[in-house]
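The values are calculated or read from the model by the stated rules, or taken from the named source; none is laboratory data. Not measured: the values here are computed from a predicted model. Neighbour counts are summed over all protein chains in view; Cβ atoms, including those assigned to glycine, are modelled from backbone coordinates with ideal geometry.
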Amino acid sequence: MEAIRVKDTDDLPEVADLLLQMLRPGGVVAFYGEMGAGKTTLIRAICERLGVQDNVNSPTFSIVNEYRTEAGEPIFHFDFYRIDRPEEALDFGSEEYLSSGYRCLIEWPEKVESLLADDIDRVYIRVSADGAREITVNP
Ligand SMILES: Nc1ncnc2c1ncn2[C@@H]1O[C@H](COP(=O)(O)OP(=O)(O)O)[C@@H](O)[C@H]1O
Ligand SMILES: [Mg+2]
């Protein structure tokens, strides 16, 4: 599949809509990309398209934030950056969230790869030399 090129953040609402068509409804989505690649920003854009009114930021005091869509569905936003071992994520009850059937959007999924099913959606964000982002879905 071809990468989706995102020149700047103005393109993100449109890109978020496109991704929402490509992703499994209500599933787990892992966002891969280096620090500053734009994982949080993309997750925020997706949440906005789902009518989330809450502030979308990486969880600071825990590893998961919960938002509500316009339709009242929960969305769980994980950031596993500070996790060293998958067992720590288990202590937070991550497995219950991941198997809840609600949408789970995950930053730093590399940290908990052994907890993730094979059939989740995987989104890769790459920063190109000119600062644009290249997004690949389930390559
Ligand atoms: N598609 C994009 N094009 C240009 N800049 C972007 C894009 N996505 C994110 N950025 C910028 O990159 C910076 C880091 O984004 P952030 O979402 O915090 O990255 P991450 O969560 O991957 O560490 C922010 O200043 C953001 O505005
Ligand atoms: Mg982030």
Only unsatisfied item for residue 67, checking (1) away from ligand 1 (no atom under 13 Å from the Cβ); (2) in contact (Cβ under 8 Å) with a residue 24 or more places away in the chain, is (2)
Is segment 31-51 home to any residue that is free of Cβ contacts under 8 Å to residues at least 60 places away in the same chain, more than 16 Å from ligand 2 (Cβ to nearest atom) and more than 25 Å from residue 136 (Cβ to Cβ)?
-> yes
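Among the residues of segment 69-76, is any out of contact with any Phe, Trp or Tyr (no Cβ under 9 Å at 6 or more places or on another chain) and either surrounded by 15 or more Cβ atoms within 10 Å (Cβ to Cβ) or under 24 Å from residue 3 (Cβ atoms) (or both)? I'd like the intermediate steps shown before the answer.
Step one: list which residues in segment 69-76 are out of contact with any Phe, Trp or Tyr (no Cβ under 9 Å at 6 or more places or on another chain), which gives 69-72.
Filter once more, so that each one left must be either surrounded by 15 or more Cβ atoms within 10 Å (Cβ to Cβ) or under 24 Å from residue 3 (Cβ atoms) (or both): 69.
Checked against the condition, which is being out of contact with any Phe, Trp or Tyr (no Cβ under 9 Å at 6 or more places or on another chain) and either surrounded by 15 or more Cβ atoms within 10 Å (Cβ to Cβ) or under 24 Å from residue 3 (Cβ atoms) (or both), segment 69-76 yields at least one hit.
Do you know which residues across segment 50-63 are modelled with pLDDT of 95 or more and within 15 Å of ligand 1 (Cβ to nearest atom)? Let's see the steps before the verdict.
Initially, segment 50-63 is screened for residues modelled with pLDDT of 95 or more, giving 50-57.
Answer for segment 50-63, where residues must be modelled with pLDDT of 95 or more and within 15 Å of ligand 1 (Cβ to nearest atom): 55, 56, 57.
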Restricting attention to segment 64-97, which residues are within 16 Å of ligand 2 (Cβ to nearest atom), more than 19 Å from residue 120 (Cα to Cα), in contact with a helix residue (DSSP H, G or I) (Cβ under 9 Å, 6 or more places away or on another chain) and not aromatic (Phe, Trp, Tyr)?
-> 82, 83
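Would you pick out the residues in segment 64-110 that are small (Gly, Ala, Ser) and under 15 Å from residue 48 (Cα atoms)? Write out each step before concluding.
Restricting attention to segment 64-110, the residues satisfying the condition of being small (Gly, Ala, Ser) are 71-72, 89, 93-94, 99-101.
If the condition is that a residue be small (Gly, Ala, Ser) and under 15 Å from residue 48 (Cα atoms), then 71, 72 are the ones that fit.
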Segment 55-69, residues that are over 22 Å from residue 36 (Cβ atoms) and not in a loop (DSSP other than H, G, I, E, B) = 66, 67, 68
Subset of segment 4-46 that is modelled with pLDDT of 95 or more and small (Gly, Ala, Ser) - its residue that is surrounded by the fewest Cβ atoms within 10 Å (Cβ to Cβ) = 36
Could you give every pair whose Cβ atoms fall below 6 Å, whose first residue belongs to segment 1-30 and is farther than 14 Å from residue 123 by Cα and within 16 Å of ligand 1 (Cβ to nearest atom), and whose second residue is modelled with pLDDT of 95 or more and part of a loop (DSSP other than H, G, I, E, B), counting only separations of at least 6 or pairs across chains?
-> 7/132
Go through (1) closer than 18 Å to residue 12 by Cβ; (2) touching a His at 6+ places or on another chain (Cβ under 9 Å); (3) part of a loop (DSSP other than H, G, I, E, B) one by one and return the number of the condition residue 131 breaks.
-> (2)
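Taking segment 98-128, which residues are surrounded by fewer than 20 Cβ atoms within 10 Å (Cβ to Cβ), within 16 Å of ligand 2 (Cβ to nearest atom) and assigned to a helix (DSSP H, G or I)?
Quick first cut of segment 98-128, residues surrounded by fewer than 20 Cβ atoms within 10 Å (Cβ to Cβ) only: 99-102, 110, 113-122, 124, 126-128.
Filter once more, so that each one left must be within 16 Å of ligand 2 (Cβ to nearest atom): 110, 124, 126-127.
Listed by number, the list holds a single entry, 110.
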Kindly indicate whether any position in segment 82-94 is surrounded by fewer than 17 Cβ atoms within 10 Å (Cβ to Cβ), of a type in the set (S, T, N, Q) and either under 16 Å from the mean Cα position of the chain (by Cα) or away from ligand 1 (no atom under 15 Å from the Cβ) (or both).
-> no
